């Protein structure tokens with residue numbers, strides 16, 4: 001599973017930076033929504049097998065998830081602000097921060113920056129005016145807000161399969177209705193906002209991953225033996241990652257179906273990937289790079305963009321992103337050790 005998370009994070013880097021020797025990898029929206037499904041799978045797993053059995057399950061789960069997201073985010077956020085102070089007016093972050101309250105007014109600017117501190121609801125200012133995106137210090141972090149919103153609901157949505165399936169179905173029905181009617185007449189705005197930022201629609205993807213775990217936990221022995229075969233794993237990982245490589249080829253002819261065919265592949269594939277990699281330290285390490293890669297590549301892109309031509313940025317951004325991500329993953333490991341110690345203490 002770690003390899004898939006790594007390639008999905010790399011796909012987001014490609015989406016924001018450009019092509020590599022004429023090669024593109026997937027699509028930002030598809031990568032983000034596939035991450036939602038993987039998150040749903042893991043949250044269903046850890047809630048069911050670990051946290052739900054503790055004396056104070058909800059409190060312990062919330063603390064663990066907060067430690068997973070916030071410390072590394074604040075480290076990168078502080079780095080971006082420091083970069084803005086050092087670079088002065090040359091930094092897009094410094095310029096927008098210093099001018100935001102004058103341009104937007106205090107209520108709107110306070111809302112924009114408060115959501116960036118809490119992460120909860122960070123995507124909401126964009127529904128008021130999509131141009132507010134440029135006032136975000138770390139723009140890609142809006143997806144973390146959706147993740148955290150889902151975490152808050154995990155103890156209540158995953159307690160019963162009937163609730164899980166009911167909310168999933170309702171979310172899909174709302175998405176289909178919106179795709180037919182269109183929340184706005186602006187096609188580009190619909191694509192930017194309603195296709196993968198509106199939580200009532202996106203929760204279906206989280207819950208689809210959670211449902212995939214529920215099905216995995218109840219598979220019969222014969223099917224378990226089948227997915228344990230190495231050739232099944234090889235075909236699964238080849239198909240799911242290979243699809244990212246051919247996404248741009250398929251999109252013109254398949255349109256929106258290109259995305260949903262991939263989500264179906266991920267839905268059935270995550271169980272196979274998990275079964276084969278759950279004990280692999282190497283796969284786990286590769287997967288742990290995905291979070292720092294995701295949140296740090298935009299600041300690196302800003303720095304590289306100040307001295308590198310747009311067509312050449314990706315050749316510098318990718319190695320720098322990997323290097324910084326490896327350093328940040330070491331910090332995350334210390335935080336995770338503390339999280340695991342808290343979990344052990346809660347059990348005792």
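Just so you know, all these numbers are worked out from the coordinates, no wet-lab data involved. No experiment lies behind these values; they were computed from the predicted model shown. No Cβ is skipped: glycine too gets one built from the backbone with ideal geometry, and neighbour counts run over all protein chains shown.
Taking the number of other C-beta atoms within 10 Å as the exposure measure, put 60, 222, 17 in order starting with the fewest. It would help to have the intermediate numbers written out before the result.
Working: 60 19, 222 7, 17 22.
The most exposed by this proxy come first: 222, 60, 17.
Using a Gaussian network model of the chain whose springs link C-alpha atoms within less than 10 Å, name the residue from 46, 12, 180 with the highest mean-square fluctuation.
Checking each option, the largest mean-square fluctuation is seen for 180.
With runs of 4+ DSSP H residues as the only contributors, calculate the mean residue ellipticity of the chain at 222 nm using -39,500 (n - 2.57) per run, divided by the residue total and rounded to the nearest 500. Show your work: numbers first, answer last.
Values: 15 runs with 268 residues, N = 348.
So the helix-based figure for the chain works out to -26000 deg cm²/dmol.
Would you mind telling me which residue in 216, 267, 127 has the biggest mean-square fluctuation in a Gaussian network model of the chain, where springs connect alpha carbons within a distance under 10 angstrom?
127
So between residue 128 and residue 190, what do we pick up on full extension, going 0.36 nm a residue minus the alpha carbon distance? Before the final figure, lay out each step's value.
Values: separation 62, 0.36 × 62 = 22.32 nm, distance 1.32 nm.
The span from residue 128 to residue 190 would gain 21.0 nm if fully extended.
Nearest 0.05, what FRET efficiency do residue 215 and residue 118 give at R0 = 25 Å with Cβ-Cβ as r? If you can, show how the numbers build up before the last one.
Details: r = 34 Å, r/R0 = 1.37.
Efficiency, from the Cβ-Cβ distance: 0.15.
Taking the Cα centre of each part, how many Å lie between region 114-135 and region 58-76?
If you average the Cα positions of each part, the centres end up 20 Å apart.
I'd like the FRET efficiency for residue 303 and residue 280, computed as 1/(1 + (r/R0)^6) with the beta carbon distance as r and R0 of 45 Å, rounded to 0.05. Spell out each step's value before the answer.
Values: r = 34 Å, r/R0 = 0.75.
It comes out at approximately 0.85.
Note down the nm distance, to one decimal, between modelled labels 7 Å out along Cα→Cβ at residue 234 and at residue 323.
My value for the distance between the label points is 3.6 nm.
Using 7 Å Cα-to-Cβ label points, what is the residue 249/residue 169 separation (nm, one decimal)?
Those two pseudo-labels are separated by 3.9 nm.
Looking only at 150, 274, 334, which one moves most when the chain is put into a Gaussian network model with springs between Cα atoms under 10 Å?
334
Could you give the distance between the Cα centres of region 145-195 and region 25-56, to the whole Å?
With region 145-195 and region 25-56 each reduced to a Cα centre, they are spaced 15 Å.
For the chain, what does the relative contact order come out to in percent, with C-alpha contacts under 8 Å and a separation of six or more? Display every interim value, and only then the final one.
Numbers: 373 pairs, mean separation 113.8, N = 348.
About 33 percent, as a whole number.
Sorted by packing (mean other beta-carbon atoms within 10 Å per residue), highest first, where do 29-35, 285-291, 153-159 land? Kindly include the intermediate steps, with their values, before the conclusion.
Details: 29-35: 24.0, 285-291: 20.0, 153-159: 17.7.
Listed from highest to lowest mean packing, they are 29-35, 285-291, 153-159.
Between residue 81 and residue 50, 0.36 nm times their residue separation minus their Cα-Cα distance comes to what? Working shown, then result.
Values: separation 31, 0.36 × 31 = 11.16 nm, distance 3.72 nm.
So the chain would gain 7.4 nm between residue 81 and residue 50.
If you stretched the chain out fully between residue 257 and residue 140, how much longer would it get, using 0.36 nm times the residue separation minus the C-alpha to C-alpha distance? Spell out each step's value before the answer.
On the way: separation 117, 0.36 × 117 = 42.12 nm, distance 2.47 nm.
Length gained between residue 257 and residue 140: 39.7 nm.
What is the angle, in °, between the Cα long axis of helix 57-87 and the longest principal axis of the Cα atoms in the chain? Nearest 10 is fine, range 0 to 90.
Rounded to the nearest ten degrees, it is 30.
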